[in-house]
Amino acid sequence: MNRYTVAVLVNNQFGVLNRVTSMFRRRRFNISSLTVSETETSELSRITVVFDGDDAGKQQLINHLYKLPDVCSIKEFSDDNSVSFELLLIKMKNETKSREDIRGAADAFGAIIVDYSKDYMMFRLTETTKRIDDFINLMREFTILEICRTGSVSLERSSTTIRQIINL
């Protein structure tokens, strides 16, 4: 199995997200990560999906996505042609015995304290999926109270934009 990241530019309409994600479900792809937001114009939204599968199935999925009336364009990303990041918020128990170790690990990964009390410390980390996974695994040695992370966001490494390949 390969891991794929695709961005789907769609008309910002009610129900479009459901139709796009239903296509993944019908094709039996499990979505690992999903982010959705308006673009530089409120008429369009960008859906970034990370999923696992094989090349033939992925291509068939993309072909079927193009048949949906609100899909404007699709762009596939790889590590070579894009920059991708996630956002992590992690809340750690603030205990005297582990406080310095937690802060040291957070510093090593570039995590920033965004909230602090006598009971907990909350960190923000914007990084690649692998680095976030590594940070979470390191933090498992301590008491994690709560984790919230976004899906991957990706942009192509060039002056080309997804809007330049609109398929209307």
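The translational diffusion coefficient of segment 2-77, from Stokes-Einstein at 37 °C and 0.692 mPa s with a Kirkwood hydrodynamic radius over alpha carbon pairs, comes to 267 µm²/s. Specify the angular offset, from 0 to 90 degrees and rounded to the nearest 10, of the alpha carbon long axis of helix 99-109 from the longest principal axis of the alpha carbons in the chain. Rounded to the nearest ten degrees, it is 30. For the chain, the longest principal axis of the Cα atoms and the long axis of helix 16-26 meet at an angle of about 90 degrees. You can think of it this way: the chain between residue 80 and residue 124 has 13.2 nm of extra reach, that is 0.36 nm per residue less the Cα-Cα gap.
Note on the chain: GNM, Cα springs under 10 Å; of 73, 37, 45, the largest mean-square fluctuation is that of 37. Checking (1) 10.3; (2) 8.8; (3) 11.5 against mean projected area of the Cα convex hull in nm² calculated from these atoms, the matching label is (3). Build a GNM of the chain with springs between Cα atoms under 10 Å: which of 63, 18, 30 gets the top mean-square fluctuation? Sorting by GNM fluctuation, first place goes to 18. Mind checking the angle between helix 55-66 and the chain's longest principal axis? C-alpha axes, 0 to 90 degrees, to the nearest 10. Its long axis makes an angle of about 70 degrees. Dividing the summed -39500 (n - 2.57) terms of all DSSP H runs of n ≥ 4 by the residue count of the chain sets its mean residue ellipticity at 222 nm at -8000 deg cm²/dmol. Taking 16 Å as the straight-line reach from the Cα of residue 58, the aspartates and glutamates in range (excluding those fewer than 8 positions away in the same chain) are 76.
For residue 59 and residue 117, what is the calculated FRET efficiency with R₀ set at 45 Å and r taken between the beta-carbons, to the nearest 0.05?
Details: r = 50 Å, r/R0 = 1.12.
With a Förster radius of 45 Å, E is 0.35.
Please list, or write none, the lysines whose alpha carbon is within less than 20 Å of the alpha carbon of residue 118, excluding same-chain residues fewer than 8 places away. Of all the lysines, those that pass the test against residue 118 - Cα under 20 Å, at least 8 places apart if same chain - are 91, 93, 97.
Each reported figure results from applying straightforward, stated rules to the coordinates on display, with no laboratory input. Predicted model only: the values in this text are computed from it and were never measured. For neighbour counting, all protein chains shown are included, and Cβ atoms are generated from backbone atoms with ideal geometry for every residue, glycine included.
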